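Visitor: Quick one: the structure is below, and I'll ask about it shortly.
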Amino acid sequence: MFGYPALHVELPPPRDDHLESSAHALSTVSAAEFSTSDNSLGHWDLPALHWVPTLVMLTGSTPFVLYVRLLREEGAALWDQQVRTFLTVLVIVVAGLTIGLVATGQHGAADAPRHAAFNTVSVVTTTEYATTDYSLWGDAGVAAFFVLTFLGGCTGSTIGGMKIFRFEVMWILLRRHFLLLLPARALVAKKYARRPLPEDLVGSVVAFLALFFVCYSLLTVSLMGLGLYFLTSASGAATTLAVVGSGLG
């Protein structure tokens, strides 16, 4: 809840009340978009007001058990593999979007990182605030946000999406499968964070991903049957299943 007072201070209240501050602070902490402005947080062009929610949304997308371990003074919790993978993906995406925004002249070098970081974290954490219309960031930007819709936060958080842990498990399985196809077949164990992956966990991850994409395909086709364009249908199906607020198209 430390994000609540931070946002409450940063957001300038209209008139003499704190409605905007309270609404945005509480909905950012809980990763549930509820803005009092049609332009979301883009209504206020204040850099600090965009960076603070970005950090708050990130804290909400990490496993809650991580904070329990930190309270117990377990410093190793900061090196959790899932969190490291999650942050690495975000850094790569934000860097790519920042370069694209500066190269196309849509934002200057000072503002591009802020808009890229805020909107990327907002989509991944399913908070769905926005500082600008990222559907105008070109084909590469639209494609990036479409993929981010599926990603989600870390397992053990309240964030929606498919969760980064499931993608890590699938990567381990695919890597092991392709290594076994090589002529020199080495013994490749299914390990995560140096621990063997239980077979029941692997099976549940594969079953979840398979069911997710079957439902996603059926929902996309159903929306297209109603006369919607492919991008609108695909994005609408993704946002519905991943519990993300906004779509594309």
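Visitor: Mind checking the full-extension length gain between E73 and C215? Use 0.36 nm per residue of separation minus the Cα-Cα distance, one decimal, nm.
Guide: 46.9 nm
Visitor: Then there's this: Quick one: length gained pulling D200 to D45 fully straight, 0.36 nm per residue minus the C-alpha distance?
Guide: 50.9 nm
Visitor: Give me a comma-separated list of calculated 3J(HN,Hα) values for the range 162-178, in order, Karplus coefficients 6.51, -1.76, 1.60 applied at θ = phi - 60°, integers in Hz, x for any Gly or Pro.
Guide: Each residue's phi maps through the Karplus curve to give 7, 6, 5, 4, 5, 5, 5, 4, 5, 5, 4, 5, 5, 4, 4, 5, 6 Hz.
Visitor: Could you tell me how far the Cα centroid of the range 70-123 sits from the Cα centroid of the range 142-215, in Å?
Guide: What the calculation gives is 21 Å, centre to centre.
Visitor: Read phi for every residue in the range 195-200 and hand back ³J(HN,Hα) as whole Hz from Karplus 6.51 cos²θ - 1.76 cosθ + 1.60, θ = phi - 60°, with x for Gly and Pro.
Guide: 10, x, 7, x, 5, 5
Visitor: On to the next question. Give me the distance in nm between label points sitting 7 Å out from Cα along the Cα-to-Cβ direction at A207 and Y192, one decimal.
Guide: 1.5
Visitor: Highest mean first, how do 190-198, 151-159 rank when packing is the count of other Cβ atoms within 10 Å averaged over residues?
Guide: In descending order of packing, they fall as 151-159, 190-198.
Visitor: Grab the Cα-Cα distance for T88 and M170, subtract it from 0.36 nm times how many residues apart they are, and report the gain in nm with one decimal.
Guide: Length gained, T88 through M170: 27.8 nm.
Visitor: Kindly write out, for the range 89-104 in residue order, the coupling ³J(HN,Hα) from the Karplus curve 6.51 cos²θ - 1.76 cosθ + 1.60 (θ = phi - 60°), rounded to whole Hz, with x marking Gly and Pro.
Guide: Rounded to whole hertz, the list is 4, 4, 4, 5, 5, 4, 4, x, 5, 4, 4, x, 5, 6, 5, 8.
Laboratory data are not the source of any read-out in this text; all were calculated from the coordinates shown. These numbers come from a predicted model, not from an experiment. Methodologically, a virtual Cβ is constructed for each residue, glycine included, from the backbone with ideal geometry; neighbour enumeration extends over all protein chains shown.
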